[in-house]
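The values are calculated or read from the model by the stated rules, or taken from the named source; none is laboratory data. Every value quoted in this text rests on a predicted model; they were computed, and no experiment measured them. All Cβ positions, glycine included, derive from the backbone under ideal geometry; neighbour counts span all protein chains shown. Surface accessibility is based on the protein's heavy atoms, side chains included, excluding ligands, DNA and RNA. Shrake-Rupley method; radii C 1.70, N 1.55, O 1.52, S 1.80 Å.
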Amino acid sequence: MTETEQTSWVNPPADYPAAIKAVKKKLRAQIGDVDALFAKIETFVRAEVEDIVKTRARGESVWPIVQYSDIENGTVPQETLDLIHRRGCAVIRGQVSEETATGWDQSLVDYVDSNDFDKKYRGPADNFFGNLKASKPEIYPIYWSPAQMEARQHEHTAKVQSFMNAQWKSESQGVTWFDPDQDAMYPDRIRRRPPGANSNGLGAHTDSGSVERWLTPAYQQVFSSLFHGDFESYDPWDAAYRTEVDEYPSSTMCSVFRSFQGWLAMSEMQHDQGVLHVVPIPAAMAYMLIRPLLSDVPEDSLCGAEQGKALGVDEKWHPLLMDAVSGIPDVKPGDSVWWHSDVIHSVEPVTNQKGWGNVIYIPAAPMCEKNAKYAADVAERFRLGESPTDFPKEDYEVEWANRFKEEDLNEIGARGLGITRKARQSEQAASVRP
């Protein structure tokens, strides 16, 4: 077995500590002077952190704010686009009307109540955040409600997803990695946190790969410039090889490339009421990746990264990054919130929450071969009312007669599930044959 074969695991390694030791040896050899590389990264990140701290001290929002009307009219100011690239996140004001969003919120209440969900709920079925400080989540494992599906296939959602996708470099190295104007539907759950709730929040982390970011061949290509000591050439917005990445099998893996994670607000939320926070520095991933290669980290450790868990960020290994943690501004129903798939994020704790904290999770997952494959599976889960395969198999909605139906899909929804008009017509015709 060659050294390359020993340090590039397409399949999960049998011995993770040994694999970590081997990959660290390989990466150090490729990089050369690891301390010098980390010093460059740290200098860059420190300057960004200082700017973020000063921005907050001035009472200004660290988050770029975009008006939906500007997206629709193609009039988003260049300075706002530049800030999105710098911060890796954005709040979209008025993606849908407040009336529409609150209507979906009430529709969800009616949906779960009409199916006696409270009596049937069996509690959390996964342990993805097992290493993070967290409270019992107010997450409902519901996927196929009319409200969620209407939000996913809404024209404004599609336009915002295209806008967010367009912030990436979707073509590079002579390859078109994804179609920014076509999303694959990625159904996720909802959060409903009631007034008066006490929540410990959720510790800082990133999704979409933990140990995979160091071990797997595709991720080694994604971060090739870093892993060869060239921070200056690293571009967190280049989609090269991102759509080729596979996570190791687990009950918490993500089977698609998400350019942005995101959610749509269904209630008003104040900035100090247990809301989303981020480290608004996309290139902070460089800090995360090179930090374990320093001499103060045990040889079999990646600063706490563990297979099948979220990639945690903490004071012990990443104190500089923690200084930049910044919350969203106040949001209203119909606003949406987006953050780059590499961006570190958390949820702040809250005591005796004021008002509701309700969201529908809707990311941007641009169409590519990888995402199209998952969309085909999603379409089948949708027809059966089952939980999507990226989530615990709870299948609460299988017998719920009032879940969203295939005949209710519009063209955006059908395309997102990979269902063509011709296929839909054939299926509908078959369903009415004697």
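Observations
- Look at the range 161-178: where a residue is at positive phi and a partner is open to solvent by less than 20 Å² (accessible area, probe 1.4 Å), sitting 6+ places away or on another chain with Cβ atoms under 9 Å, you get 173/240.
- Single residue of the range 1-55 satisfying the filter (of a type in the set (S, T, N, Q) and part of a loop (DSSP other than H, G, I, E, B)) that is modelled with the lowest pLDDT: 2
- Matching option when the condition is touching a residue at least 40 places away in the same chain (Cβ under 8 Å), in a loop (DSSP other than H, G, I, E, B) and basic (Lys, Arg), among 309, 316: 309
- Against the list (1) out of contact with any Gly (no Cβ under 9 Å at 6 or more places or on another chain); (2) basic (Lys, Arg); (3) surrounded by 16 or more Cβ atoms within 10 Å (Cβ to Cβ), the condition residue 93 fails is (1).
- Unique match (being assigned to a loop (DSSP other than H, G, I, E, B), open to solvent by 20 Å² or more (accessible area, probe 1.4 Å) and under 30 Å from residue 382 (Cβ atoms)) among 187, 195, 249, 180: 249
- Some residue of the range 279-297 being open to solvent by 30 Å² or more (accessible area, probe 1.4 Å) and part of a loop (DSSP other than H, G, I, E, B): yes
- Cβ-Cβ under 9 Å pairs, at least 6 apart or on other chains, the range 327-353 side more than 15 Å from residue 364 (Cβ to Cβ), far side assigned to a loop (DSSP other than H, G, I, E, B) and basic (Lys, Arg): 349/133
- Only listed residue being touching a helix residue (DSSP H, G or I) at 6+ places or on another chain (Cβ under 8 Å) and basic (Lys, Arg), chosen from 242, 189: 242
- Scanning the range 382-405 for residues that are in a helix (DSSP H, G or I) and open to solvent by 40 Å² or more (accessible area, probe 1.4 Å) gives 383, 384.
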